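Undergrad: Quick one: structure below, then a few questions.
The values are calculated or read from the model by the stated rules, or taken from the named source; none is laboratory data. Just so we're clear, the structure is a prediction, and the values are computed from it rather than from any experiment. Heads up, the Cβs are rebuilt from the backbone with ideal geometry, glycines too, and the neighbour counts pull from every protein chain shown. Calculation scope for accessible area: heavy atoms of the full protein, side chains included, ligands and nucleic acids excluded. Shrake-Rupley method; radii C 1.70, N 1.55, O 1.52, S 1.80 Å.
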Amino acid sequence: MLLSLDGLHPPSMGARITFTNGKPAVTNGPFPGVREIIGGYWMIRVKSKEEAIAWASRCPPSNNEIIEVRQVQEVEEFPPEVRTAAMM
């Protein structure tokens, strides 16, 4: 079931790249005004969203913990230009 389990460093150690008219702009963290961040992730292989929710519901929570269940996009779901860039 478990494919990957990683914690993430705080936003103060990260960067964001935003694009305006196709040109990248880099902003180093921390990011003012951001109230929610991703602290880590667990990647599991399941057959349905309902099964993923059942697994997430068994996780040992911290106080005020929030777990978000999302599906990973497959390469085939991205536009052709993204697939081409990913193969470089």
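Undergrad: Taking DSSP loops as anything outside H, G, I, E and B, show the longest stretch in the chain free of trypsin sites (Lys or Arg not before Pro) there with at most 16 other beta carbons within 10 Å. Could you put the intermediate results ahead of the total?
TA: Details: sites that count: 35, 45, 47, 58, 70.
Result, exposed sites excluded: 1-34.
Undergrad: A follow-up question, please. How many percent of the accessible area of the chain is carbon or sulfur, using a 1.4 Å probe?
TA: On the way: 4610 of 8230 Å².
Heavy-atom surface of the chain belonging to carbon and sulfur, 1.4 Å probe: 56 percent.
Undergrad: In addition: Fully extended, how many nm does the chain gain between residue 57 and residue 37 (0.36 nm per residue separation, minus their Cα-Cα distance)? Can you show the working numbers first?
TA: Details: separation 20, 0.36 × 20 = 7.20 nm, distance 2.00 nm.
Additional length available on full extension: 5.2 nm.
Undergrad: Spelling out what I want: for every residue of region 35-50, take phi, set θ = phi - 60°, compute 6.51 cos²θ - 1.76 cosθ + 1.60 (Karplus), and round to whole Hz; glycine and proline get x.
TA: 9, 10, 10, 8, x, x, 8, 10, 10, 10, 9, 9, 8, 7, 4, 4
Undergrad: Now for a different question. Would you pull out the residues with amide H under 5 Å of residue 29's amide H, same chain only if 5 or more places away, H placed 1.01 Å from N?
TA: When sequence neighbours closer than 5 places are left aside, the close amide H contacts are 14, 15, 16.
Undergrad: While we're on this one: If a/c stays under 1.5 just call it rounded; otherwise compare a/b with b/c (prolate if a/b is bigger, oblate if not). Do that for the chain, with a ≥ b ≥ c from the square roots of the Cα gyration tensor eigenvalues. Spell out each step's value before the answer.
TA: Numbers: a/c = 2.57, a/b = 1.23, b/c = 2.09.
Judged from the Cα gyration tensor, the chain comes out oblate (a/c at least 1.5, b/c at or above a/b).
Undergrad: If you plug each phi of region 59-74 into the Karplus form 6.51 cos²θ - 1.76 cosθ + 1.60 with θ = phi - 60°, what whole-Hz ³J(HN,Hα) values come out, in order, with x for Gly and Pro?
TA: Result, ordered by residue: 5, x, x, 8, 4, 6, 6, 10, 10, 9, 9, 9, 8, 7, 6, 7 Hz.
Undergrad: Please list, in order along region 17-31, the HN-Hα scalar couplings obtained from phi with the Karplus expression 6.51 cos²θ - 1.76 cosθ + 1.60 (θ = phi - 60°), rounded to whole Hz, x for Gly and Pro.
TA: Values per residue, Gly and Pro as x: 10, 10, 10, 10, 6, x, 9, x, 10, 9, 10, 7, x, x, 10 Hz.
Undergrad: Given Cβ point charges of +1 (Lys, Arg) and -1 (Asp, Glu) and nothing else, what value in debye, to the nearest 20, does the dipole of the chain about its Cα centre take? Mind showing how you got there, number by number?
TA: Details: 9 positive and 10 negative charges, 32 e Å.
So the dipole magnitude of the chain works out to roughly 160 debye.
Undergrad: Provide the per residue accessible area, probe 1.4 Å, for the chain, rounded to a whole number of square angstrom.
TA: On the way: 8230 Å² over 88 residues.
Dividing the accessible area of the chain by its residue count gives 94 Å².
Undergrad: Given 0.36 nm per residue, what is the gain on full extension from residue 6 to residue 45 after removing their alpha carbon distance, in nm?
TA: Values: separation 39, 0.36 × 39 = 14.04 nm, distance 1.55 nm.
Fully extending the segment from residue 6 to residue 45 adds 12.5 nm.
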